[in-house]
Amino acid sequence: MWPAMITFEHVTKRYPDGTVAVEDLDLVCPTGQITVFVGPSGCGKTTSLRMINRLLEPTEGRILVDGNDVRERDASVLRRDMGYVIQQAGLFPHRTVLDNVATVPMLLGVSRKEARRSAAEQLERVGLVPELGKRYPYQLSGGQQQRVGVARALAADPPIMLMDEPFSAVDPVVRGDLQREFLRLQDDIGKTIVFVTHDVDEAVKLGDQIAVFATGGHLVQVDTPERLLAAPANEFVADFLGGDRGIRRLTFLASDRVGLDESDVVDSTVAPGLLEALGDAGRDWALLVGADRHAVGWVPTSGVPAAAAARPVERTFNPAADSLRVALDSALLSPAGRAVAVDDDGRVLGTAAHADILRAVTDEVARSQRVEAAS
Amino acid sequence: MNWEWVTGHLPLIGQLLGEHVFLSVLPVVIGLAVSLPLGIVCSRYPALYGPVLLLTSVLYAVPSLALFVFLLGVTGLHTTTVVIPLALYTLSVLVRNVVDGMRSVPDAVRDAAVGMGFGPLRRLVQVELPIAVPLIMAGTRVATVSNISMVSIGALLGFGGLGQLFTTYGIQLNFFLTAILTGVVLTVALAVAADTIIVGIQRLLTPWAPRGAGR
Ligand SMILES: Nc1ncnc2c1ncn2[C@@H]1O[C@H](COP(=O)(O)OP(=O)(O)OP(=O)(O)O)[C@@H](O)[C@H]1O
Ligand SMILES: [Mg+2]
């Protein structure tokens, strides 16, 4: 089956006690993309998600997958076509890791042997060594359990993945790893994913599209992360996105137009006169590179360019791949106040001062606004 | 201690021991057969649990002698008369443990099972019951061991396994101490053996349970 599109049409969910968890939700989750539901606690994210695989039924409206009402299919059969990952992983404690992952293929009638074989592949895919397959869930760390949860949801290769705060029960370092690997995986598999989180950073990092919910189950804004950060629909969204909204936007601005300067890039054979000239021009530091043009470190223009005395380059940026946020970070971490640009192989292309980067920020913001106005 | 009597009566002692095992295990098997469906229904429909629990507790409180006498009129002088009360007594602990076992299934596990496409029956058989095993086995253990000591009372009807050593061969033979001692020692040994076997079975059934947590 091909990746599918999920459509909410006027969906309202009222619980028996009268709580309106979702109100008149209209939303399209496009094929092959990650749609993130984000919003404060109790705003109806989980309720919305659980209506997709019919763990809950809408009170009004309907949900379509590829144009077909989900209620037309038997609930259990429908669910086997949708990977489901939850915060506490929910692994079966009485089954080995391998058999946990083999669960859905076996429900679909695949032989045990075949299901286990593909389960072993899934484990590898989520970065777990095959030996872990023999363990029981209680013998895994929280991060490993989450990976198994993801592997289990992927095992039957469903076109749709529903994920409810899958990474929020692990520590920030593990969460970062899981997020990076998840994005890499999605590049390969291109599933239609609905991802619930209450963490704005996670939403911005993972989402192709972000749906912001407000308490009472109202959808306030649906947009790409860039546009959400650039133009929040109202004060609620702006508040929810938090104070670093401007800085976060830098993540979406390319650094390939930053003006680079090569004059302060020197190697050990540099003539003393050149260093002096740099010093006279107000440059206290020069960037020393090796024969392969890899950065060695910053050296003062007042002394001899010795590798032993060099201050390390803590962070570089690649204009072809990195955002202006990385470029700015690189400049802020450097004793010279200059960012170091490198190519894909790590060879130094040149350096750029804070001011050069901020000029690029201004240009990029203006450019993205022009693009926006034109569209 | 009259060892000659013991060695001379080994076939009799063996037969009584066999009867004792039968009379303590059969009621537990019957009790499980009743408690499993009853407990499962009670965990699905919590409103039923209160009344069911009350009923099993009341049954448990009925004095065994009274029950024997009552059943004598119905089933006559037969092992059934001993088995039925013992089976009824196990319900009080077994139903409770089946329900506790079903409740020990974490919500997240149940949610994941439903979300992956398990129907109700498959979920019960493949997910909930296996996870309930440790608590069901704990109940089985208590029921079996307490039955082993209770079987003796059946000796009053002539079906008491090792209990006969206290009555027919003990008290009625002028408090013949050797028979009584043999009965006590074998009953205790049987209880210990049964307990060990059940724990062993549980370990075999639940290789997935963390060890050393008092299970
Ligand atoms: N079974 C239920 N019965 C009644 N009200 C419920 C039920 N489940 C959820 N609610 C209510 O519906 C609203 C939305 O709940 P939901 O779980 O969808 O929120 P959420 O956005 O996922 O929150 P969180 O970030 O805390 O997980 C809340 O007000 C909640 O209290
Ligand atoms: Mg939630």
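Here are the numbers:
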item	result
Within region A:28-49, tally of residues that are in contact with a helix residue (DSSP H, G or I) (Cβ under 8 Å, 6 or more places away or on another chain), within 15 Å of ligand 1 (Cβ to nearest atom) and either more than 22 Å from B:VAL114 (Cβ to Cβ) or within 14 Å of chain B (Cβ to nearest Cβ) (or both)	4
All positions within region A:10-56 that are open to solvent by 60 Å² or more (accessible area, probe 1.4 Å), outside any loop (DSSP other than H, G, I, E, B) and at negative phi	A:ARG14, A:GLU23, A:ASP26, A:VAL28
Residue in region A:92-105 that is closer than 30 Å to A:ARG180 by Cβ, open to solvent by 30 Å² or more (accessible area, probe 1.4 Å) and within 16 Å of ligand 1 (Cβ to nearest atom) present	no
Residue count for region B:89-128, restricted to those that are in contact with a Phe, Trp or Tyr (Cβ under 8 Å, 6 or more places away or on another chain), under 28 Å from B:SER64 (Cα atoms) and either of a type in the set (A, V, I, L, M) or within 8 Å of another protein chain (Cβ to nearest Cβ) (or both)	2
Close pairs (9 angstrom Cβ cut-off, 6 or more residues apart or separate chains): of a type outside the set (Gly, Ala, Ser) in region A:36-49, assigned to a helix (DSSP H, G or I) and near ligand 2 (Cβ under 10 Å from one of its atoms) anywhere	A:PHE37/A:LYS45; A:PHE37/A:THR46; A:PHE37/A:SER48; A:PHE37/A:LEU49; A:VAL38/A:LYS45
Residue in region B:55-71 that is within 21 Å of B:SER149 (Cβ to Cβ) and outside any helix (DSSP H, G or I) present	yes
Number of positions in region A:211-240 that are more than 16 Å from ligand 2 (Cβ to nearest atom), closer than 15 Å to A:THR35 by Cβ and open to solvent by less than 20 Å² (accessible area, probe 1.4 Å)	3
Every residue from region A:124-167 that is part of a helix (DSSP H, G or I) and either open to solvent by 30 Å² or more (accessible area, probe 1.4 Å) or farther than 27 Å from B:PRO207 by Cβ (or both)	A:GLU124, A:ARG125, A:PRO130, A:GLU131, A:LYS134, A:TYR138, A:GLN139, A:GLY142, A:GLN144, A:GLN145, A:ARG147
Test for A:GLY67: is it among the small types (Gly, Ala, Ser), away from chain B (no Cβ under 12 Å) and within 27 Å of A:PRO30 (Cα to Cα)	yes
Residue pairs meeting the criteria (Cβ under 7 Å; at least 6 apart or on separate chains; first within 8 Å of chain B (Cβ to nearest Cβ) and under 11 Å from B:ALA112 (Cα atoms), in region A:74-96; second assigned to a helix (DSSP H, G or I) and aromatic (Phe, Trp, Tyr))	none
Among the candidates A:THR362, A:THR301, A:THR351, A:THR316, residue that is among the polar types (S, T, N, Q) and over 31 Å from the mean Cα position of the chain (by Cα)	A:THR301
Among the candidates A:PHE167, A:PHE195, residue that is closer than 21 Å to A:SER48 by Cβ and either in contact (Cβ under 8 Å) with a residue 40 or more places away in the chain or more than 14 Å from ligand 2 (Cβ to nearest atom) (or both)	A:PHE195
Residue in region A:191-198 that is open to solvent by 10 Å² or more (accessible area, probe 1.4 Å), at pLDDT below 95, at negative phi and touching a Ser or Thr at 6+ places or on another chain (Cβ under 7 Å) present	yes
Residue list for region A:241-253, filter: more than 18 Å from A:GLU364 (Cβ to Cβ) and open to solvent by less than 70 Å² (accessible area, probe 1.4 Å)	A:LEU241, A:GLY242
Any chance B:VAL69 is within 30 Å of B:THR187 (Cα to Cα) and open to solvent by 60 Å² or more (accessible area, probe 1.4 Å)	yes
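The values are calculated or read from the model by the stated rules, or taken from the named source; none is laboratory data. Just so it is clear, the model here is predicted, and its values are computed rather than measured. Don't worry about glycine lacking a Cβ; one is built from the backbone with ideal geometry, like all the others, and counts go over all protein chains shown. Each accessible area value is taken on the protein alone, full model and side chains, heavy atoms only, with ligands, DNA and RNA left out. Shrake-Rupley method; radii C 1.70, N 1.55, O 1.52, S 1.80 Å.
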